[in-house]
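Here is the structure we will look at.
The values are calculated or read from the model by the stated rules, or taken from the named source; none is laboratory data. Predicted model only: the values in this text are computed from it and were never measured. Counting neighbours? That spans all protein chains shown, and the Cβs are built from the backbone with ideal geometry, glycine included.
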Amino acid sequence: MKKNLFLITVITGIITVVVVFTLSAKGDILSENELRKTAKKFVKVVDDNNAEALEKMLHPQLIQYVQLGEDLIPFKAADLIQMVADKKIGGTPREVTFESSTIVRGKTASVVVNAVSHEYDFMYQLSMVESEGQWLIVGILVDIQKV
C-alpha cells in the first residue's frame, strides 16, 4: 500500500512538471509571436507614415541609433516620431523577414528584423519590454545600406 502511494505521488509529480513545462514553453512561443507582431507593426507604421501609431509603440525615452556607413546617428523618440509625421522617413513599403526573437528574461526581449525596400536594406535590433500586456520598444539600433 505504501509503495503504491509513493509510486502514485512520484508519477503525479512527474506529470505536473511536464504539464507546467509544456504550458510555459507554449507561453514563450505565444510571447515570441507577439514580439514578431510588434516588430512587423513597427515597420508598417513607419512605412505608412503613421506617427500616432508609432508614438504608442515607443517608450518616450527611447533612443534610436542609426548606423549609416561609418556614422552612428542618435535620435530621440520624439525626433523619430516627428520625422515620420513630416514624411522625412518612411512612406515606402518594405519586405520584412525575421532574423531572431528572444525573450531575454521575463518581460524583456530583443528582436532582429530585416526590412528591405527597392532602395534600402534596414537591419533593426529592437529592444522591448512588456508593459500593460503589450510589447513596448525601448531601444532601436538600425543599420541602413543602399540596395
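Screening the stretch 44-81 for residues that are among the acidic types (Asp, Glu) and at pLDDT 95 or above and picking the one that is farthest from MET123 (Cα to Cα) gives GLU52.
Per the listing VAL111, VAL104, the residue uniquely without any contact (Cβ under 8 Å) to a residue 24 or more places away in the chain and outside any loop (DSSP other than H, G, I, E, B) is VAL104. Could you grab me the full set of residues in the stretch 111-147 that are among the polar types (S, T, N, Q), in contact with a helix residue (DSSP H, G or I) (Cβ under 9 Å, 6 or more places away or on another chain) and modelled with pLDDT of 95 or more? Of everything in the stretch 111-147, just one residue is among the polar types (S, T, N, Q), in contact with a helix residue (DSSP H, G or I) (Cβ under 9 Å, 6 or more places away or on another chain) and modelled with pLDDT of 95 or more, namely SER117.
Among the residues of this structure, THR97 counts as one that is under 17 Å from the mean Cα position of the chain (by Cα) and either surrounded by 11 or more Cβ atoms within 10 Å (Cβ to Cβ) or not in a helix (DSSP H, G or I) (or both). Restricting the stretch 62-110 to residues that are touching a helix residue (DSSP H, G or I) at 6+ places or on another chain (Cβ under 7 Å) and among the polar types (S, T, N, Q) leaves a set whose member that is farthest from LYS41 (Cα to Cα) is GLN64.
Would you pick out the residues in the stretch 48-81 that are in contact (Cβ under 8 Å) with a residue 24 or more places away in the chain and over 15 Å from ILE140 (Cβ atoms)?
ASP48, ASN49, ASN50, ALA51
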